[in-house]
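Heads up, the thing below is written out as structure tokens.
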Amino acid sequence: MKGTFLLVAFFAALLPAICQSGDPANGKRLFVRDGCYECHGYAGQGGRDGARIATIALNPQGLIRYVRAPAGAMPAYTDKVISDQELTDIHAYLQTLPKAKAAKDIPLLNDLLKK
Amino acid sequence: MARSRKISVDRRGFLKGAAAGAAALVAKPEAAKAQEAAEVRRPATPTPLPGAKQTASETAPPPPRIDVYTTDRPGSDFMVDVLKTLGFEYVAANPGSSFRGLQESCVNYGGNKSPEWITCCHEESSVAMAHGYAKIEGKPLLVMAHGTVGLQHASMAIYNAYADRVPVYIMLGNVQDVAWRRSDVEWAHSVQDAASMVRDYTKWDDAPVSLGHFAESAVRAYKIAMTPPMEPVVIVADAVLQEEPVPEADRRLQIPKLTLASPPAGDYGAVKEAAKMLVNAENPVIVAGRVARTPEGINLLVQLAETLQAPVLDRRFRTNFPNRHPLFGAGNVRTADVVLGLEVPDMWFATHTQTPVNRMGMEAKRITQPGAKVITIFAGDLSGKSNYQDFGRYDEVDLAIAADAQATLPILIEECRKLITPDRKAAIQQRAAKLAEVSRKNRERDIEQAAWGWDASPVSTARMAAELWNQIKTEDWSLVSDVTFVSWWPLRMWDIDKHYQFIGGHGAYGIGYGAPAAVGAALANKKHGRISVNIQCDGDLNYAPGVLWTAAHHRIPMLNIMHNNRAYHQELMYLEDMAARARRGVENAGIGTAINDPNIDYAMMAKAYGMFSEGPIDNPNDLGPAIKRALEVVKKGEPALIDVVTQPR
């Protein structure tokens, strides 16, 4: 009995770490399947209808909290629609998206900045 | 005025004796005399295929004498005289039997000039072309359509033009007299009150019963359409009036002189009061809707904004204000003490927030600070209809001036200048640097944001806009499409200071507007030698893609760049929203909203319609060179299309 308790306690302690690690490949799949790209763009770049979420500043728990009760116009996604683990995977995928170059390092945009 | 033409005394020419010559020498039988007495002989209702009797009549030797109905002066010639006085450059139409007389008179009697006939593949395209044309050229393009099935096709486009306050001049064919309807087709295409279908969203209509009546109503309709608030008008051209000769009694027909009404300026006392409020404000903000009807409207708004050092928040319905001006977009309604709304049809939305769709209750909240004053100058207050609800919510304002804003601006500017004392001038000028800094930072933020997803595939809409700008920035260009669905990138990146560089959008958000309105605008730009640029949404093009053929056929130069996100994307997002709300199946949002499987090849579509094309392009590095190649085609006077597979927004 004591052994079982210790085992449960061990995994319980490990769980946040597993969740936080996430699976970026699965996250990429979910990002498209569950429609995140619709407002945020396939590159997470943001647009008229959604914020930029590439290299998101929130940690996984912060992302989960926001998705469950978003402050803006985003729909609320309950755990019946998308689980904590799935959101953690999406978070992991978002961390893999490339950060933008500075506009001054992109010739077409640099031209616009100079004007 | 009417053309002076030699008109024969006998308006109906009876070409007597098809077998002329010898037959003419034969004595007339009594039956033939009876025929001669008849004014007109019309065929019986035709059968679908020639029967034995008809075949025999067409192959047997002709009778010695038949009477053939001709005329050298059909009523439609006079109608064309009327149309010429109104200065229409073009008539856009899908052909229809109820206005065949008018069409024949336009192309033959009128020489197919002023108006020149533009062949359209759908009446919705005809009207949307007129919509786009008017926003460039500042005057109506003529549309012709059946009073029944044609108008039914056209109706959504008419509603768009109505909601966008654009003059469109629609002429409907109809056979009013039952005795003149030649077949079951013409019965099905006839209507008692043609314009009733669109009366809720047109400004005026009439169904003249004589040519004199036609002339008067046609001129009146033009005047009404061009008086702010500008809206579509409808004239029914009765087929009998078109096809029957001009009656003897109407030989003294007159075409009334067209005198456009000066647009209504605001009441002087009210304008003075508005000036006082604005000059004494510490943080005035101008919200611009459809202010600039002409290029002068942009100059006037710049003068007012600079006089007050008031930032201008543009609702993106027109080019109202140069987007690189230091006062552009630099203000905030939330911190303003006086808000001036100029031709803003949705003023309530400019001064309120509403809870998003994922909240209960649809709560609305006013965002202006307590005590802030709101002034409106709005021609929409001069008229209105109830059934269609494009008028939006009632907004509580402190001073409402029912007038055309552009016509009122000169007086308002003058009154403001009179009231600005040296002290107020100093206070006003203090705002300038701060606002310019806000505007500069907004610009920088936008450009930095454009870098995100720069190398992504599908191509980001920011990248697409930047690549386009790189190719057109040294040209005299005209953006002829709305840019709502590409996150407004051209408005955030490009330098816009001319009225034709941005003409707004649908009006009533009726999808299917984009492609034909762009073609119509490009048609207007053609004689000015401008490069018309159309960022074309895929869903929109699929309503009536035949307009690509119209562009190719009439050699209308325009650069079409597909925003091919392979979805009715707004609806896709809505379905996602509804599924999330119902806590199920967000992965099914694409059912009924995606445009894939198979993907549509728009380059191939354009080629089928006779247009140069390239694509689909999904590598952003391929886009610039493709645009350059297409632009070379456009510069030669042809349309071109590049299919770009894009990010959703």
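Listed values, structure above:
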| read-out | value |
| --- | --- |
| Which numbered condition B:ASP446 fails, given (1) in contact (Cβ under 8 Å) with a residue 60 or more places away in the chain; (2) acidic (Asp, Glu); (3) buried (at least 18 other Cβ atoms within 10 Å of the Cβ) | (1) |
| Residues located in the range B:370-398, provided they are within 20 Å of B:PRO228 (Cα to Cα) and among the aliphatic types (A, V, I, L, M) | B:ILE375, B:ILE377, B:ALA379, B:LEU382 |
| Candidate set: the range B:332-363, residues that are more than 31 Å from the chain's Cα centre (by Cα) and within 25 Å of B:ALA292 (Cβ to Cβ); chosen: the one surrounded by the fewest Cβ atoms within 10 Å (Cβ to Cβ) | B:ASN332 |
| Some residue of the range B:93-103 being of a type in the set (A, V, I, L, M), surrounded by 19 or more Cβ atoms within 10 Å (Cβ to Cβ) and either free of Cβ contacts under 8 Å to residues at least 12 places away in the same chain or not assigned by TED's automatic domain parsing to the domain that holds B:GLY520 (or both) | yes |
| Filtered residues of the range A:89-114 (kept if among the aliphatic types (A, V, I, L, M) and away from chain B (no Cβ under 14 Å)) | A:ALA92 |
| Members of the range B:403-425 found to be assigned to a loop (DSSP other than H, G, I, E, B) and free of Cβ contacts under 8 Å to residues at least 60 places away in the same chain, listed by number | B:THR421 |
| Top-ranked residue in the range B:242-284 [being at pLDDT below 95 and in a helix (DSSP H, G or I); ranked as surrounded by the most Cβ atoms within 10 Å (Cβ to Cβ)] | B:ASP250 |
| First in the range A:57-81 and within 7 Å of chain B (Cβ to nearest Cβ) and closer than 16 Å to A:GLY27 by Cβ, second anywhere and part of a loop (DSSP other than H, G, I, E, B) and among the basic types (Lys, Arg), Cβ under 6 Å, 6 or more apart | A:VAL81/B:ARG583 |
| Residue in the range B:489-500 that is closer than 27 Å to B:TYR201 by Cβ, assigned to a loop (DSSP other than H, G, I, E, B) and within 13 Å of chain A (Cβ to nearest Cβ) present | no |
| Some residue of the range B:210-229 being basic (Lys, Arg) and in contact with a Leu (Cβ under 7 Å, 6 or more places away or on another chain) | yes |
| Any hit, the range B:114-137, residues being in the same structural domain as B:PRO245 (by TED's automatic domain parsing), hydroxyl-bearing (Ser, Thr, Tyr) and surrounded by fewer than 22 Cβ atoms within 10 Å (Cβ to Cβ) | yes |
| A:GLU86 at negative phi, within 7 Å of chain B (Cβ to nearest Cβ) and either touching a Leu at 6+ places or on another chain (Cβ under 8 Å) or not in a helix (DSSP H, G or I) (or both) | no |
| Helices (runs of 4 or more DSSP H) completely within the range B:108-211 that count 1 or more residues being in contact with a Cys (Cβ under 6 Å, 6 or more places away or on another chain) and over 20 Å from B:THR85 (Cβ atoms) | B:123-137 |
| Criterion: touching a Lys or Arg at 6+ places or on another chain (Cβ under 8 Å) and either within 22 Å of B:ALA130 (Cα to Cα) or outside the structural domain of B:VAL459 (by TED's automatic domain parsing) (or both) - qualifying residue of B:ILE561, B:ILE531 | B:ILE531 |
| Residue satisfying all of: in the range B:454-471; touching a strand residue (DSSP E or B) at 6+ places or on another chain (Cβ under 8 Å) and over 21 Å from B:LEU631 (Cα atoms); farthest from the other protein chains (Cβ to nearest Cβ) among these | B:SER457 |
| Subset of the range A:41-56 [more than 9 Å from every other protein chain (Cβ to nearest Cβ) and surrounded by 17 or more Cβ atoms within 10 Å (Cβ to Cβ)] | A:ILE53, A:ILE56 |
| Selection status of B:ARG424, more than 12 Å from chain A (Cβ to nearest Cβ) and basic (Lys, Arg) | yes |
| Of all residues making up the range B:505-522, the number that are touching a Ser or Thr at 6+ places or on another chain (Cβ under 7 Å) and either aliphatic (A, V, I, L, M) or surrounded by 24 or more Cβ atoms within 10 Å (Cβ to Cβ) (or both) | 6 |
| Matching residues, the range B:164-192, being surrounded by fewer than 17 Cβ atoms within 10 Å (Cβ to Cβ) and aliphatic (A, V, I, L, M) | B:VAL178, B:ALA179, B:VAL185, B:ALA188 |
| Sole exception among (1) crowded, with 18+ Cβ neighbours inside 10 Å; (2) touching a residue at least 40 places away in the same chain (Cβ under 8 Å); (3) within 14 Å of another protein chain (Cβ to nearest Cβ) for B:LYS628, by number | (1) |
| Options B:ARG445, B:ARG440; residue that is under 20 Å from A:ARG48 (Cβ atoms), within 14 Å of chain A (Cβ to nearest Cβ) and of a type outside the set (A, V, I, L, M, F, W, C) | B:ARG445 |
| Residue in the range B:367-375 that is touching a residue at least 60 places away in the same chain (Cβ under 8 Å) and in contact with a Phe, Trp or Tyr (Cβ under 7 Å, 6 or more places away or on another chain) present | no |
| Residues satisfying the stated conditions in the range B:401-431, i.e. closer than 30 Å to B:PRO345 by Cβ and surrounded by fewer than 18 Cβ atoms within 10 Å (Cβ to Cβ) | B:ALA402, B:PRO410, B:GLU414, B:ARG417, B:LEU419 |
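The values are calculated or read from the model by the stated rules, or taken from the named source; none is laboratory data. Just so you know, these numbers come straight off a predicted model, no measurement behind them. Reconstructed Cβ throughout: ideal geometry from the backbone, glycine too, with neighbour counts over all protein chains shown.
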